[in-house]
Amino acid sequence: MRIAVVGGGVSGLTAAYRLRTRFGDGATITVFEAGDSLGGKLRTIELAGRRFDVGAEAFIVRRPEALELAGEIGLELTHPTGARSRLRAGGTQVGMPGGTVMGIPGSAEAVAGLLSAEGRRQVAAEGGLPPVVLTGDVSLGRLLRERFGDELVDRLVDPLLGGVYAGGADGLGLRATLPGLAKALDSGAATLTAAAASQLPASPNPGPVFGTLPTGLGTLIDRLAELGKPEIRLSTLVTGLRRRAGGWTLELTGEAVDVDAVLLAVPAPAARRLLEPVVPAASAALGEVELASMAVVALAFPPGTALPDASGVLIGAKERYPDGSPPAAKAFTFSSRKWGHLGGGPVLVRGSVGRFGEPGALRADDDELARLVRADLAELAGVTAQPVDVAVMRWGGGLPQYGVGHLDLVERVERAVAGVPGLEITGATFHGVGIPACVGAATRAASRITSGAVRG
C-alpha cells in the first residue's frame, strides 16, 4: 500500500500512526504538510528557556480518545493545579461558577453571583417556561436568549465558547456545539436548566477535567511521527488531486505522486479546493464552513513576578474600559499558576486574541499586538513587569465554526466521500475541534482506509 496523508496536524499524524500499526512496515505512508513544521494547532516553542504551548495547551480527559492514545504511545500526563479561573463580567471579576455546562446552569443558584437582579430573575424563571421543543437544529444563542435572557449569554456562555471556538453562541448551532445538551432535550428534558443538570457529574469530586504533557503537546506530535514512521514532506503544497486507474495522483509543484489511497486531514478551505474536481458535492458543502482567526501572545516575566491567585481570566465580548474601549484580549491563562510543571523560574502567561467576525486587535502587527495584550494584563491582572521574552503565534482561519445545521453539512461531505474508493477525510471541521475528537475521528478514518484495502 502507498498512502498519502495530506496535513501534518494531530489528525494527520494520528491517522499515519494508526495506518502504520495496521499495515506494518510494508506500507509506504507519506505525510504532505504545506507548512514548515508538523503539528498544526499543536505548537510547542522555547519561551525564556521553557517549553511552552502557543496553540492548544490541554485536552479534556473525560473523553477517552486522547487519554488512551497518550498511554498507548508511552506519554504521561499532568493535570492543572487547584487554581480556579475567573471571569470579567459586568465590569468586575468574579470566580468562574460551577454547576454549568458551557455556562448553561443546572440551577439558578449556580450563576447568581455574576448576574444582575434582572438577570437572576430571568434565569430562575426558565424552569417555568413552556417545554423546549426541538425540530432540527437551532441557533444556540437564539435559544439561550429566549429562555434565559441576554445577560447569561453575554457574561458567561460567550466567553466560554470563545475559548473553544473563538466564536459566540449566536453563530453556533446547538446540536454540533453541545450534543449532550441536545440529546437530553430530545430524551425528554423539558427545560434547558433540567437538561444541563442531567449532564453534570454525579460525584462532587469527579476528578480532573483537563490534562496536558509536561514537555508540551508538541511531544505528542513528535511521538506519533516517530512511531508512525511516515515519510514527511514539509513545505509541500498539494495543488491538485485526481483519480487514476486503481488509485490517485497527487499534483505538487512540478511533480506528481501516485498512491493507492489518500486521507485528507486539512482545514475546510484546502479540502474544498482539492475535492472540487473529484467530489464536487463534498467540496460545495465544505465551502459553507466559516472560520475564525485568533492569536496567542506568550509572555515570560522575571521570576517572582506576582500573578493573581487564579488559573486565568475570561473576558466577555461586551466588556469595556471606562473610556468605552474594549480589551484587545479575550482571555488570559496564568500558566505558571495553572500548571505545576511551569512553576518556578520565569513566570509564564498566555494572552488570547480574536473572535469570529471581529478581527479587532488582530489587525495590529506583532509588536503592537503584544503591547495591547500587555496593557490588558496590567489593567485586568495588575502585572506591569517588563517581559524577558515574548512570542506571538497567529492562527489565521484556524477554528471552524459549527453553525446551525453543521451535522447535516458533515453528513453531506462524508456521504459523498464514502462513495469514492480510496479516499477519506478527517479533521477539526467535522466531529469536534478538541484533541480527543480529532484523535477519534482520525482513528476511524484510518480504519476505513484499512477496511477498503482488505476488501480490495
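The values are calculated or read from the model by the stated rules, or taken from the named source; none is laboratory data. Everything numeric here is computed off the predicted structure, so don't read it as measured data. Please note: Cβ atoms are built from the backbone with ideal geometry, for glycine as well, and neighbour counts cover all protein chains shown.
Can you tell me which residue in segment 315-342 is surrounded by the most Cβ atoms within 10 Å (Cβ to Cβ), limited to those that are aromatic (Phe, Trp, Tyr) and within 27 Å of THR212 (Cβ to Cβ)? If we take residues in segment 315-342 being aromatic (Phe, Trp, Tyr) and within 27 Å of THR212 (Cβ to Cβ), then PHE332 is surrounded by the most Cβ atoms within 10 Å (Cβ to Cβ).
Take the residues in segment 343-375 that are surrounded by fewer than 21 Cβ atoms within 10 Å (Cβ to Cβ), farther than 17 Å from MET294 by Cα and out of contact with any Gly (no Cβ under 9 Å at 6 or more places or on another chain); name whichever of them is modelled with the highest pLDDT. Ranking the candidates gives ALA375 first. Taken together, the residues in segment 114-144 that are loosely packed, with under 12 Cβ neighbours inside 10 Å and within 30 Å of the chain's Cα centre (by Cα) amount to 3. No other residue among ARG43, ARG84, ARG62 is under 19 Å from the mean Cα position of the chain (by Cα), more than 20 Å from ALA446 (Cβ to Cβ) and surrounded by fewer than 17 Cβ atoms within 10 Å (Cβ to Cβ) apart from ARG62.
Looking at this structure, is SER336 assigned to a helix (DSSP H, G or I), closer than 30 Å to TYR321 by Cβ and of a type outside the set (A, V, I, L, M)?
Yes, satisfied.
Between a residue in segment 268-292 that is closer than 16 Å to PRO400 by Cβ and any residue that is β-branched (Val, Ile, Thr), which pairs come within a Cβ distance under 7 Å, given they are 6 or more apart or on different chains? From residues that are closer than 16 Å to PRO400 by Cβ, the pairs are ALA268/VAL289; ALA268/THR429; ALA271/ILE425; ALA282/VAL413; ALA282/VAL417; ALA285/VAL413; LEU286/VAL413; VAL289/THR429. Residues that are part of a strand (DSSP E or B), in the same structural domain as PRO179 (by TED's automatic domain parsing), more than 30 Å from LEU307 (Cα to Cα) and not aromatic (Phe, Trp, Tyr) occur in segment 124-146; there is at least one.
Answer yes if at least one residue in segment 138-146 is in contact (Cβ under 8 Å) with a residue 60 or more places away in the chain, of a type in the set (Ser, Thr, Tyr) and over 25 Å from PHE332 (Cβ atoms), and no otherwise. Checking segment 138-146: at least one residue is in contact (Cβ under 8 Å) with a residue 60 or more places away in the chain, of a type in the set (Ser, Thr, Tyr) and over 25 Å from PHE332 (Cβ atoms). If you go through segment 423-437 and keep only what is small (Gly, Ala, Ser) and either within 8 Å of the chain's Cα centre (by Cα) or within 19 Å of ASP53 (Cβ to Cβ) (or both), you end up with ALA428, GLY432, GLY434, ALA437. Evaluating LEU224 against the criteria (1) part of a helix (DSSP H, G or I); (2) over 27 Å from GLU72 (Cα atoms); (3) modelled with pLDDT of 95 or more leaves one unmet condition, (2). Out of ALA89, ALA48, ALA112, one residue alone is at pLDDT 95 or above and outside the structural domain of TYR321 (by TED's automatic domain parsing). It is ALA48.
Is there a residue being touching a helix residue (DSSP H, G or I) at 6+ places or on another chain (Cβ under 6 Å), outside any loop (DSSP other than H, G, I, E, B) and farther than 19 Å from ALA416 by Cα anywhere in segment 296-307? Yes. No other residue among SER352, SER451 is hydroxyl-bearing (Ser, Thr, Tyr), out of contact with any helix residue (DSSP H, G or I) (no Cβ under 6 Å at 6 or more places or on another chain) and more than 20 Å from ALA16 (Cβ to Cβ) apart from SER352. Candidates GLY188, GLY171, GLY180: the one that is buried (at least 20 other Cβ atoms within 10 Å of the Cβ), more than 20 Å from GLN122 (Cβ to Cβ) and out of contact with any Leu (no Cβ under 7 Å at 6 or more places or on another chain) is GLY171.
Among residues of segment 245-264 that are part of a loop (DSSP other than H, G, I, E, B), those with a beta-carbon under 6 Å from a residue that is of a type outside the set (D, E, K, R) and at pLDDT 95 or above at least six positions away or on a different chain give the pairs ASP260/GLY247. One residue stands out in segment 180-219 among those that are β-branched (Val, Ile, Thr) and more than 24 Å from the chain's Cα centre (by Cα): the one that is nearest to GLY74 (Cα to Cα), namely THR193. Evaluating GLY167 against the criteria (1) free of Cβ contacts under 8 Å to residues at least 60 places away in the same chain; (2) touching a strand residue (DSSP E or B) at 6+ places or on another chain (Cβ under 8 Å); (3) not in a helix (DSSP H, G or I) leaves one unmet condition, (1). Is it true that some residue in segment 180-195 is basic (Lys, Arg), touching an Asp or Glu at 6+ places or on another chain (Cβ under 9 Å) and at pLDDT 95 or above? No; the residues of segment 180-195 include none that is basic (Lys, Arg), touching an Asp or Glu at 6+ places or on another chain (Cβ under 9 Å) and at pLDDT 95 or above. The residues of segment 56-113 that are closer than 21 Å to ALA197 by Cβ and part of a loop (DSSP other than H, G, I, E, B), listed by number, are ARG62, ARG63, MET96, PRO97, GLY98, GLY99, MET102, GLY103, GLY106, SER107.
The criterion of at least 1 residues that are over 26 Å from SER335 (Cα atoms) and free of Cβ contacts under 8 Å to residues at least 12 places away in the same chain is met by the following helices (runs of 4 or more DSSP H) wholly inside segment 347-456: 406-418, 435-455.
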